[in-house]
1. Which one of P64, P12, P30 has the biggest mean-square fluctuation once the chain is modelled by GNM with Cα springs under 10 Å?
2. Carbon and sulfur atoms: what percent of the 1.4 Å accessible area of the stretch 25-64 do they account for?
3. Compute, for the chain, the length of the dipole vector about the Cα centre, with Cβ point charges of +1 (Lys, Arg) and -1 (Asp, Glu) only. Units Debye, rounded to 20.
4. Expressed as an acute angle from 0 to 90° and rounded to the nearest 10, what is the orientation of the C-alpha long axis of helix 91-102 relative to the principal long axis of the chain?
5. Accessible area per residue of the chain at 1.4 Å probe, in Å²?
6. Please state the charge dipole magnitude for the stretch 54-117, taken about the Cα centre, from unit charges on C-beta atoms (+1 on K and R, -1 on D and E), reported in debye and rounded to the nearest 20.
7. Between A27, A45, A15, which gets the highest mean-square fluctuation from a Gaussian network model of the chain, Cα cutoff 10 Å?
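The values are calculated or read from the model by the stated rules, or taken from the named source; none is laboratory data. Just so it is clear, the structure is predicted and the values come from calculations on it, not from any experiment. Glycine gets a Cβ as well: all are built from the backbone with ideal geometry, and neighbour counts include every protein chain shown. Accessible surface is based on the protein model in full, side chains and every heavy atom, while ligands, DNA and RNA are left aside. Shrake-Rupley method; radii C 1.70, N 1.55, O 1.52, S 1.80 Å.
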Amino acid sequence: PADGDLAAAPEPTFADGAAVSVVLASAGYPETSSKGDVIRGVGRANGVHDVDVIHAGTAVVDAPEEDDPGHRHLVTAGGRVLSVRAVGYDVDDARRRAYAAADLITFEGQQRRSDIAAEPLGVVEGAASRG
């Protein structure tokens with residue numbers, strides 16, 4: 001728990017390899033965001049080895065009775081809807097895994113960048129390496 005004693009916290013440790021996260025955003029983001037669009041494929045994406053799907057702008061709602069009685073749907077509820085994070089042997093491997101898993105997720109108006117981690121480390125603005 002956070003208690004204001006950062007000096008007592010252990011030093012961070014780092015694993016070998018790399019991680020890449022791809023954000024899936026709703027229609028209209030960043031100016032506006034679409035809400036209520038049904039999201040499909042999260043379970044399949046989350047099942048990919050070394051991939052985690054992190055929820056940000058999602059909600060669970062009852063499905064309309066005429067469409068799917070008694071069931072619930074995962075829907076968009078904000079601008080940055082999901083983040084698909086993959087761990088790999090190196091940046092290229094992690095990037096490939098993240099985009100492959102992101103390809104399994106669909107919702108109306110989905111948008112995402114296609115250039116995440118495309119440049120060598122240190123070339124992308126804001127990127128840093130441990131030395």
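1. Sorting by GNM fluctuation, first place goes to P12.
2. Details: 1210 of 2330 Å².
Carbon plus sulfur share of accessible area: 52 percent.
3. Working: 12 positive and 21 negative charges, 40 e Å.
It works out to roughly 200 debye.
4. 10
5. Numbers: 8730 Å² over 131 residues.
Ligands and nucleic acids excluded, the result is 67 Å² per residue.
6. In debye, rounded to 20, the stretch 54-117 gives about 480.
7. Checking each option, the largest mean-square fluctuation is seen for A15.
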